[in-house]
1. In the stretch 281-297, how many are of a type outside the set (Asp, Glu) and more than 10 Å from the ligand (Cβ to nearest atom)?
2. Sort out which residues of the stretch 15-32 are in a loop (DSSP other than H, G, I, E, B) and either free of Cβ contacts under 8 Å to residues at least 40 places away in the same chain or on the phi > 0 side of the Ramachandran plot (or both), and write them in order of number.
3. Restricting to the stretch 275-295, count the residues that are touching an Asp or Glu at 6+ places or on another chain (Cβ under 9 Å), on the phi < 0 side of the Ramachandran plot and crowded, with 18+ Cβ neighbours inside 10 Å.
4. Taking GLU22 as meeting all but one of (1) crowded, with 17+ Cβ neighbours inside 10 Å; (2) touching a helix residue (DSSP H, G or I) at 6+ places or on another chain (Cβ under 8 Å), write down the number of the exception.
5. What is the number of the single condition among (1) away from the ligand (no atom under 12 Å from the Cβ); (2) under 30 Å from ASP32 (Cα atoms); (3) of a type outside the set (Lys, Arg); (4) under 17 Å from the mean Cα position of the chain (by Cα) that ALA258 does not meet?
6. Just name the residue that is farthest from the ligand (Cβ to nearest atom) out of those in the stretch 68-83 that are part of a loop (DSSP other than H, G, I, E, B) and under 22 Å from ILE235 (Cβ atoms).
7. Residues being of a type outside the set (Gly, Ala, Ser) and over 25 Å from THR211 (Cβ atoms): count how many of those fall in the stretch 32-67.
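Each reported figure results from applying straightforward, stated rules to the coordinates on display, with no laboratory input. These numbers were taken from a predicted model, which means no experiment stands behind them. FYI the Cβ positions are ideal-geometry reconstructions off the backbone, even for glycines, and counts take in every protein chain you see.
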Amino acid sequence: MTKRIVAFSRLKQPQLDQLRQEFHVDYFEHLDSTEDATFREALGKAHGLIGSSLKIPASLLDAAPHLEAIATISVGYDNYPVEEMTRRGILLCNTPDVLTETTADTGFLLIMATARRAIELAEFVKRGDWQAGIGEPQFGSDVHGKTLGMVGMGRIGAAIARRGALGFDMKVLYSNASPKPALESALGAERRELDALLAESDFVCVTVPLTPETEHLFGAREFALMKPSAIFVNISRGKVVDEPSLIAALEKGEIHAAGLDVFEQEPLSPESPLPHMANVVALPHIGSATHETRLAMAQRAVDNIRLVLKGKRPISLVNEAAWSRK
Ligand code: 8YV
């Protein structure tokens with residue numbers, strides 16, 4: 001029997017062709033909702049599901065009685081009902097490693113752009129306002145030599161810390177569930193409780209995954225602990241931050257600026273004041289969005305699903321318990 005895969009979003013032709021050599025593939029290039037009737041019908045026969053950027057509710061699994069695995073084209077998996085998948089023995093595969101360096105580049109882009117006010121000043125030039133030499137009103141703040149506080153020290157956090165310590169001579173602090181002795185000796189990084197890190201850092205950079213524990217980790221209290229000169233950078237998930245508290249902290253000058261790649265609601269609500277604030281650099285969730293990395297992510301997801309549907313262990317597995325049950 002030929003196994004069946006439902007693919008939604010972001011697969012290039014060579015990758016679709018690769019899957020079609022071995023499986024029957026129902027491809028939904030632009031799927032807006034998991035309520036779509038044709039999608040649900042295909043899912044009813046599917047052994048594998050591959051895609052990204054759609055919330056998959058636990059109830060959808062009822063519509064997929066033959067499902068063996070979901071391969072998400074992302075490292076984050078907050079869109080998936082992991083516990084319920086594990087209970088049903090459905091594997092969840094993600095795409096770590098291949099996006100680490102690109103996402104770390106985005107983190108550093110936000111650090112640099114906010115500190116040196118690059119976007120705001122590029123607009124200044126575009127408007128034709130650069131009539132005379134620039135002066136203090138256009139000055140930014142240094143990045144090199146400052147203190148970088150990493151909230152979360154996983155793969156991406158470590159890659160940003162490496163850029164900061166080795167490229168910009170920054171002192172690195174980090175808060176993380178477990179200590180990272182190798183990074184402490186390689187980068188001189190020091191572990192802190194979150195509150196202490198917030199009080200000491202010039203740049204606070206968030207890379208924690210979104211979990212029930214990290215939802216709204218940053219609220220009024222946390223922003224109040226930060227230095228008035230601090231720059232807050234978030235490249236993880238918008239829901240880690242209580243956005244009204246962030247907006248209030250920026251307005252009151254409790255923190256200096258924010259560089260944001262992620263938002264509580266994506267795409268960003270047209271009513272949000274964030275992209276219009278002079279001290280905010282807002283990007284449209286482009287952490288991993290380069291041609292090279294998105295291709296590598298999609299290929300990893302294709303490799304994961306091919307392996308699982310052939311009875312083999314995938315390269316990147318989120319729910320180990322589901323594999324042990326096989
Ligand atoms: C994805 C990301 O592009 O991998 C992740 O977790 O946030 C991005 O790289 C995003 O999930 C949209 O698919």
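1. First, the residues of the stretch 281-297 that are of a type outside the set (Asp, Glu): 281-291, 293-297.
Going one step further and asking which of them are more than 10 Å from the ligand (Cβ to nearest atom), we end up with 281-284, 290-291, 295-296.
Within the stretch 281-297, residues that are of a type outside the set (Asp, Glu) and more than 10 Å from the ligand (Cβ to nearest atom) number 8.
2. Step one: of the stretch 15-32, the residues in a loop (DSSP other than H, G, I, E, B) are 23, 29-32.
Scanning the stretch 15-32 gives GLU29, HIS30, LEU31, ASP32.
3. Filtering the stretch 275-295 down to residues touching an Asp or Glu at 6+ places or on another chain (Cβ under 9 Å) leaves 277-279, 281-287, 290, 293.
Retained after the next criterion (residues that are on the phi < 0 side of the Ramachandran plot): 277-279, 281-284, 286-287, 290, 293.
Still in the list and also crowded, with 18+ Cβ neighbours inside 10 Å: 281-283, 287, 293.
Residues in the stretch 275-295 being touching an Asp or Glu at 6+ places or on another chain (Cβ under 9 Å), on the phi < 0 side of the Ramachandran plot and crowded, with 18+ Cβ neighbours inside 10 Å: 5 in total.
4. Of the numbered conditions (1) crowded, with 17+ Cβ neighbours inside 10 Å; (2) touching a helix residue (DSSP H, G or I) at 6+ places or on another chain (Cβ under 8 Å), the odd one out for GLU22 is (1).
5. (2)
6. Narrowing the stretch 68-83 to residues part of a loop (DSSP other than H, G, I, E, B): 68, 73-81.
Within this subset, residues satisfying the condition of being under 22 Å from ILE235 (Cβ atoms) are 73-80.
Working: ILE73: 6, SER74: 3, VAL75: 4, GLY76: 3, TYR77: 8, ASP78: 8, ASN79: 8, TYR80: 11 Å.
It comes out as TYR80.
7. First pass over the stretch 32-67, keeping only residues of a type outside the set (Gly, Ala, Ser): 32, 34-36, 38-41, 43, 45, 47, 49-50, 54-57, 60-62, 65-67.
Now narrow it down to the ones that are over 25 Å from THR211 (Cβ atoms): 32, 35-36, 38-41, 43, 45, 47, 65-66.
Of the residues in that region, 12 qualify.
Yes/no per residue for (1) among the charged types (D, E, K, R); (2) in contact with a Cys (Cβ under 8 Å, 6 or more places away or on another chain); (3) in contact (Cβ under 8 Å) with a residue 24 or more places away in the chain:
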| position | (1), (2), (3) |
| --- | --- |
| ALA46 | no, no, yes |
| PRO65 | no, no, no |
| ALA69 | no, yes, yes |
| LEU92 | no, no, yes |
